[in-house]
1. Any residue in the range 245-258 that is touching a helix residue (DSSP H, G or I) at 6+ places or on another chain (Cβ under 9 Å), part of a helix (DSSP H, G or I) and farther than 19 Å from residue 187 by Cβ?
2. Any residue that is at pLDDT 95 or above, away from the ligand (no atom under 16 Å from the Cβ) and surrounded by fewer than 17 Cβ atoms within 10 Å (Cβ to Cβ) - is there at least one of those in the range 139-146?
3. Is there a residue in the range 285-292 that is of a type in the set (Ser, Thr, Tyr), buried (at least 17 other Cβ atoms within 10 Å of the Cβ) and either more than 16 Å from the ligand (Cβ to nearest atom) or modelled with pLDDT under 95 (or both)?
4. Suppose we keep only residues that are under 25 Å from the mean Cα position of the chain (by Cα) and away from the ligand (no atom under 14 Å from the Cβ) within the range 233-254. Which one would you say is nearest to residue 369 (Cα to Cα)?
5. For the range 436-493, how many residues are more than 16 Å from the ligand (Cβ to nearest atom) and small (Gly, Ala, Ser)?
6. Residue 364: of a type in the set (A, V, I, L, M, F, W, C) and either more than 24 Å from residue 349 (Cα to Cα) or at pLDDT below 95 (or both), yes or no?
7. Would you please name the residue that is nearest to residue 360 (Cα to Cα), looking only at residues in the range 305-320 that are surrounded by fewer than 17 Cβ atoms within 10 Å (Cβ to Cβ) and either in contact with a helix residue (DSSP H, G or I) (Cβ under 6 Å, 6 or more places away or on another chain) or of a type in the set (Asp, Glu) (or both)?
8. Considering only residues that are in contact with a strand residue (DSSP E or B) (Cβ under 7 Å, 6 or more places away or on another chain), crowded, with 16+ Cβ neighbours inside 10 Å and either free of Cβ contacts under 8 Å to residues at least 12 places away in the same chain or of a type outside the set (Asp, Glu) (or both), which ones fall in the range 235-249?
Amino acid sequence: MEPANKNGNTTNEEGTLSRIIKSLKSVEMVCEGTHFDGDIPHTFITFGASGDLAKKKIYPTLWWLFRDNLLPKSTKFCGYSRSHLTVKELRQKCEPYMNVQKNEMERYEQFWSLNEYVAGNYDGRTGYEFLTKTMEEMESKSKANRIFYLALPPSVFENVTVHIKNICMSRNGWNRVIIEKPFGRDAASSKALSDHLASLFTEDQIYRIDHYLGKEMVQNLMTIRFANKILSSTWNRENIASVLITFKEPFGTQGRGGYFDEFGIIRDVMQNHLLQILTLVAMEKPVSCHPDDIRDEKVKVLKNIRSLTLDDMVLGQYIGNPEGEGEAKLSYLDDKTVSKDSTTPTYALAVLEIKNERWEGVPFILRCGKALNERKAEVRIQYHDVSGDIFEGNSKRNELVIRVQPGEALYFKMMTKSPGITFDIEETEMDLTYEHRYKDSYLPDAYERLILDVFCGSLMHFVRSDELHEAWRIFTPILHQIEKERIKPIPYVYGSRGPKEANKKCEQSNFKYYGSYVWKNPEK
Ligand code: BG6
């Protein structure tokens, strides 16, 4: 069997073919209305090509898209960064992450033959002029479309975007710019960045990546909600008691806490990934599936949420587990790249309320943490208790669980009569586990979907500047308070479920945890 690919799927040769066919079908849908003109050259430029993100994510994604014939025929790739590298050296750096199969070697060689690399500074014009000359030679036509991917630290953002605008844009064809978080670190810095970008590019040229918007089950939220009468009619405060959106990772900073310590889990995961999921769970039905109709509704949800206070939150920081192994023995503060007295939270829980007719009084609980007991991202919609109980309190609440990862699944927890002669009741589930139900489907990695969207010009799964503005409005006051007052996070043991106080907060927020039910992946 082939090794698991980056999203945990396993593939085999037979699977490769059906994967391509299925992927092509989905591309037709994604690109509806967009026609790749095979004759127009497309150049994909990766700034920060020698960095971690480029080698681990961007180049592998480009290769997978190229391998599966999903890119316009005329696409070429050009890396740019300060390091003096040859394409061969760049290739060596990327190699461990490319997941190339033996039968794909010819195609793989082809991919690298379409690559160029330019070494240059991020300030000054010279490097960019050389890059432009290189692109023109690669394109060899007067018309070309260009995508600029900024896999760069925020410190060079301003310089690079100004030079892209002044020197590198195609004069005859479209230009699109992809940027990665952090989009600032609070409302003011995010606004400065948005204003800066708006002075150079139009909003429809800017693709702000939140890679959670590229995940299968996050993209599925719209369909689940708006294509199922049974769910759409119960999706409100009359039926739903609380909503819990969880992100857990079973590892800590692994000695690379420098970046994390500056940002913390709220900026790293909650303010973007979890809040984006919340908006898709809570928004009203958009007028259509047009990206702006969807994003209009997402913004309305955010506008109905007030800024968070300390009372809405539980903050934690992990400490080592003396009985653990390897990294698990170490506390966050043992990471040499983290300051010794850091109060940066590695765990956070926040309770948000959406003050509108549909949701008033329903707590939306966002919780995320590193160094916890498992890897998991999911949405849990918990329904109210049944009124007028006749089962002596043995009935448990219904829950709809949308499991984002690992193992995409949708399952509905419900009560049933225990099978057989007894009249007892028990918890069970209606289970749509993808691995089981869609055995031959290939679920592309989030980056594959999102980069393809950029080629297609689809902004549906990207963050608009007004969404970003509202997201920062909700989180900025609490982030400033945490930093100014150096609020001490509650210690929790590496590998545990997080601080106990978080469970209490969930309970107070109308979420019932019974502990009596464990979902079993039917394939395992
Ligand atoms: C990133 C965060 O945005 O998402 C990381 O910066 C986190 O800290 C990662 O590990 C999780 O992504 P995924 O796709 O592995 O769930």
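The values are calculated or read from the model by the stated rules, or taken from the named source; none is laboratory data. Fair warning: this is a prediction, and the values are worked out from it, not measured in the lab. All Cβ positions, even for glycine, are placed from backbone atoms using ideal geometry, and neighbour counts span all protein chains on display.
1. yes
2. Within the range 139-146, not a single residue is at pLDDT 95 or above, away from the ligand (no atom under 16 Å from the Cβ) and surrounded by fewer than 17 Cβ atoms within 10 Å (Cβ to Cβ).
3. No, because not a single residue in the range 285-292 is of a type in the set (Ser, Thr, Tyr), buried (at least 17 other Cβ atoms within 10 Å of the Cβ) and either more than 16 Å from the ligand (Cβ to nearest atom) or modelled with pLDDT under 95 (or both).
4. Per the stated criteria, the residue is 244.
5. 4
6. Criteria not met by residue 364.
7. 307
8. Answer for the range 235-249, where residues must be in contact with a strand residue (DSSP E or B) (Cβ under 7 Å, 6 or more places away or on another chain), crowded, with 16+ Cβ neighbours inside 10 Å and either free of Cβ contacts under 8 Å to residues at least 12 places away in the same chain or of a type outside the set (Asp, Glu) (or both): 240, 241, 242, 243, 244, 245, 246, 247, 248.
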